[in-house]
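One structure is given here, and the rest of the page talks about it.
The values are calculated or read from the model by the stated rules, or taken from the named source; none is laboratory data. Please read these numbers as outputs of a predicted model, since none were measured by experiment. Here Cβ is always computed from backbone atoms with ideal geometry, including for glycine, and neighbour counts include all displayed protein chains. Ligands, DNA and RNA are excluded from the accessible area calculation, which covers all protein heavy atoms including side chains. Shrake-Rupley method; radii C 1.70, N 1.55, O 1.52, S 1.80 Å.
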Amino acid sequence: MLFALASALVIAPLASAHAFLDHALPGVGSAVHESPAQLKLWFSERLEPEFSTVEVLDRTGKRVDKGDPQVDSADRMLLRISLPPLAPGRYRVSWRVLSVDTHVATGQFTFDIAP
């Protein structure tokens, strides 16, 4: 019984793990002065490439990224997408990821390109 209790205490934190957004480039809520070539999102867990996606929308809700989201093969905690040259303004990032522990996480944030 003591072994079962100890096992449950070790396994419980692992079972509740989710992929949380750790940091991004451009950063969450940041303002940059040049249009980035890519948006990069780093998560706290490894991601399932086939079920993880991100999109970048302009102020009107129009998708402005190049439509090529991908989990980096060398760093499975990194999700990236290519961007065309973007005009100054506010952009909304919307992501949905599936971590290798089968938990889905979603989120949004904005960044600005300053003139």
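Figures for the structure shown
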{"item": "Residues satisfying the stated conditions in the range 59-99, i.e. touching an Asp or Glu at 6+ places or on another chain (Cβ under 6 Å) and more than 17 Å from Lys40 (Cβ to Cβ)", "result": "Arg63, Arg90, Leu98, Ser99"}
{"item": "Selection from the range 24-71 of residues that are of a type in the set (Gly, Ala, Ser), under 18 Å from Thr102 (Cα atoms) and open to solvent by 50 Å² or more (accessible area, probe 1.4 Å)", "result": "Ser44"}
